[in-house]
Amino acid sequence: MIAARQSVWMVVLGVITLGLLVALWAAPLLWALITSLKPELQAAAQPIVWLPSPATFDNFTSVLTTGNLPRWYANSVTSSIIITVVTLILSAMAAYAFSQLTFPGRNLLFWFALAGFMLPFEALLVPLYKLMNNLGAINTLAGIILPQLISPIAVFVFRQFFDQIPKEFREAAVVDGATELRIMWSIFVPLSANIIWALGIVTFIGAWNNFLWPFIVTNSPEQMTLPVGLTQVQSAYGLKYAQTMAVAILGGLPVILAYLAFQRRVTEGFLSASGLKG
């Protein structure tokens with residue numbers, strides 16, 4: 001009886017804790033949404049106006065019809081999709097080589113690849129900027145995209161999964177005369193569908209939300225991505241709080257929808273990578 005009561009109290013405590021965590025996570029989003037529906041004067045008013053009176057969608061209309069928001073959206077969509085697709089292809093190819101092929105220095109090269117994951121991106125800013133400048137890629141989409149195409153953690157995850165695939169699959173394909181590239185795309189990639197979806201969503205979100213590198217490598221509003229463009233939502237009278245929140249809501253919407261749409265695949269992918277689910 002006592003054990004049953006303790007179990008009930010543990011469940012209640014868990015639900016309360018989870019509710020508090022959800023509230024803490026949702027509060028900034030709720031405040032951003034409320035602020036985006038306020039007239040600009042109410043958004044900057046002191047004392048704080050907690051609820052819009054009246055609620056208006058003028059801020060959304062304004063940011064969509066004036067300024068560079070459509071261009072920022074296009075830049076973010078283009079760069080994020082290219083980064084995601086190319087990163088997955090390069091990571092899968094590198095992981096297949098590290099997992100299935102035998103060549104001199106394989107393990108050493110793999111540890112060098114992982115060393116890139118240990119270096120903070122901030123430490124690479126200066127050499128990357130010089131490289132992009134030498135390539136003539138400053139203030140271009142290519143300059144935004146190229147340094148983000150390599151993902152050591154994606155290589156590591158792919159290799160861990162490829163190592164779990166029975167060797168007999170590859171050996172049978174080799175006997176049938178298949179090339180290594182054909183084996184990878186026809187056997188290993190289809191078996192890694194959940195991993196690909198999980199890494200794809202994580203890579204897309206990371207590329208979409210990346211602020212630091214696009215901020216450094218771009219200097220004209222036409223080449224900015226959405227996170228960088230947020231810093232430009234201001235006027236001669238100061239920051240436009242309501243319009244900034246409207247842009248933030250519009251900017252986060254694609255990421256939220258993408259994650260909700262593929263949430264199950266993301267979960268299955270990470271369970272597969274961890275070995276908890278076959």
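Here are some residues: Ala193, Ala123, Ala198, Ala113. Which one is open to solvent by less than 20 Å² (accessible area, probe 1.4 Å) and either modelled with pLDDT of 90 or more or not hydroxyl-bearing (Ser, Thr, Tyr) (or both)? Give the steps one after another, and end with the answer.
Values: Ala193 fails: open to solvent by less than 20 Å² (accessible area, probe 1.4 Å); Ala123 fails: open to solvent by less than 20 Å² (accessible area, probe 1.4 Å); Ala113 fails: open to solvent by less than 20 Å² (accessible area, probe 1.4 Å).
The match here is Ala198.
Within the stretch 29-39, is even one residue closer than 30 Å to Gln164 by Cα, open to solvent by 60 Å² or more (accessible area, probe 1.4 Å) and part of a helix (DSSP H, G or I)?
First, pick out the residues of the stretch 29-39 that are closer than 30 Å to Gln164 by Cα: none.
No, because not a single residue in the stretch 29-39 is closer than 30 Å to Gln164 by Cα, open to solvent by 60 Å² or more (accessible area, probe 1.4 Å) and part of a helix (DSSP H, G or I).
Residue-by-condition table, conditions (1) without any contact (Cβ under 8 Å) to a residue 40 or more places away in the chain; (2) charged (D, E, K, R):
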{"site": "Glu171", "(1), (2)": "yes, yes"}
{"site": "Thr179", "(1), (2)": "yes, no"}
{"site": "Met184", "(1), (2)": "no, no"}
{"site": "Ile196", "(1), (2)": "no, no"}
{"site": "Trp208", "(1), (2)": "no, no"}
{"site": "Phe211", "(1), (2)": "yes, no"}
{"site": "Gly229", "(1), (2)": "no, no"}
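From Phe112, Phe158, which residue is aromatic (Phe, Trp, Tyr) and under 22 Å from Ile196 (Cβ atoms)?
Working: Phe112 fails: under 22 Å from Ile196 (Cβ atoms).
Residue meeting the stated conditions: Phe158.
Give me the pairs, please: first residue somewhere in the stretch 102-130 and under 17 Å from Gln148 (Cβ atoms), second residue anywhere and open to solvent by less than 100 Å² (accessible area, probe 1.4 Å), beta-carbon distance under 6 Å, and either six or more positions apart or on two chains.
Ala113/Pro152; Ala113/Val155; Gly116/Pro152; Phe117/Pro152; Phe117/Ile153; Leu128/Pro147
Every residue in the stretch 40-62 that is under 14 Å from Thr244 (Cβ atoms), hydrophobic (A, V, I, L, M, F, W, C) and in a helix (DSSP H, G or I), please.
Those that are under 14 Å from Thr244 (Cβ atoms), hydrophobic (A, V, I, L, M, F, W, C) and in a helix (DSSP H, G or I): Ala43, Phe60.
For the stretch 160-214, what are the residues that are touching a Ser or Thr at 6+ places or on another chain (Cβ under 9 Å) and among the aromatic types (Phe, Trp, Tyr)?
Phe161, Phe162, Phe188, Phe204, Trp208, Phe211
Looking at (1) out of contact with any helix residue (DSSP H, G or I) (no Cβ under 6 Å at 6 or more places or on another chain); (2) modelled with pLDDT under 90; (3) more than 19 Å from Val86 (Cβ to Cβ); (4) open to solvent by 90 Å² or more (accessible area, probe 1.4 Å), which is the one condition that is false for Leu181?
Against the list (1) out of contact with any helix residue (DSSP H, G or I) (no Cβ under 6 Å at 6 or more places or on another chain); (2) modelled with pLDDT under 90; (3) more than 19 Å from Val86 (Cβ to Cβ); (4) open to solvent by 90 Å² or more (accessible area, probe 1.4 Å), Leu181 comes up short only on (3).
Please tell me if Lys167 is charged (D, E, K, R), over 21 Å from Arg106 (Cα atoms) and open to solvent by 40 Å² or more (accessible area, probe 1.4 Å). Give the steps one after another, and end with the answer.
Details: charged (D, E, K, R): yes; over 21 Å from Arg106 (Cα atoms): no; open to solvent by 40 Å² or more (accessible area, probe 1.4 Å): yes.
Taking the combined requirement at face value, the residue does not satisfy it.
Scan the stretch 38-59 and report the pairs whose first residue is not assigned by TED's automatic domain parsing to the domain that holds Met245 and whose second residue is open to solvent by 100 Å² or more (accessible area, probe 1.4 Å), with Cβ atoms within less than 6 Å and a gap of 6+ or a chain change.
Sorted first by the residue in the stretch 38-59, then by its partner, the pairs are Ala43/Tyr241; Ala44/Tyr241.
Would you check if Ala248 is under 20 Å from Leu29 (Cα atoms), in a helix (DSSP H, G or I), modelled with pLDDT of 65 or more and open to solvent by less than 30 Å² (accessible area, probe 1.4 Å)? I'd like the intermediate steps shown before the answer.
On the way: under 20 Å from Leu29 (Cα atoms): yes; in a helix (DSSP H, G or I): yes; modelled with pLDDT of 65 or more: yes; open to solvent by less than 30 Å² (accessible area, probe 1.4 Å): no.
So Ala248 does not fit the description; no.
In the set Ala137, Ala193, which member is hydrophobic (A, V, I, L, M, F, W, C) and either closer than 17 Å to Leu101 by Cβ or in contact with a helix residue (DSSP H, G or I) (Cβ under 7 Å, 6 or more places away or on another chain) (or both)?
Working: Ala193 fails: either closer than 17 Å to Leu101 by Cβ or in contact with a helix residue (DSSP H, G or I) (Cβ under 7 Å, 6 or more places away or on another chain) (or both).
Testing whether each residue is hydrophobic (A, V, I, L, M, F, W, C) and either closer than 17 Å to Leu101 by Cβ or in contact with a helix residue (DSSP H, G or I) (Cβ under 7 Å, 6 or more places away or on another chain) (or both) leaves just Ala137.
Within the stretch 67-87, track down each residue that is open to solvent by 30 Å² or more (accessible area, probe 1.4 Å) and either in a helix (DSSP H, G or I) or touching a strand residue (DSSP E or B) at 6+ places or on another chain (Cβ under 7 Å) (or both). Spell out how you get there, then give the answer.
Going residue by residue through the stretch 67-87, those that are open to solvent by 30 Å² or more (accessible area, probe 1.4 Å) are 67-68, 70-71, 73-74, 77-78, 81-82, 85-86.
Pro70, Arg71, Tyr73, Ala74, Val77, Thr78, Ile81, Ile82, Val85, Val86, listed by residue number.
The values are calculated or read from the model by the stated rules, or taken from the named source; none is laboratory data. What you are looking at is a predicted structure, and each value in this text was computed from that prediction instead of being measured. Positions of Cβ are generated from backbone atoms using ideal geometry, with glycine treated the same way; all protein chains shown enter the neighbour counts. Heads up: the accessible areas ignore ligands, DNA and RNA and are worked out on the full protein's heavy atoms, side chains in. Shrake-Rupley method; radii C 1.70, N 1.55, O 1.52, S 1.80 Å.
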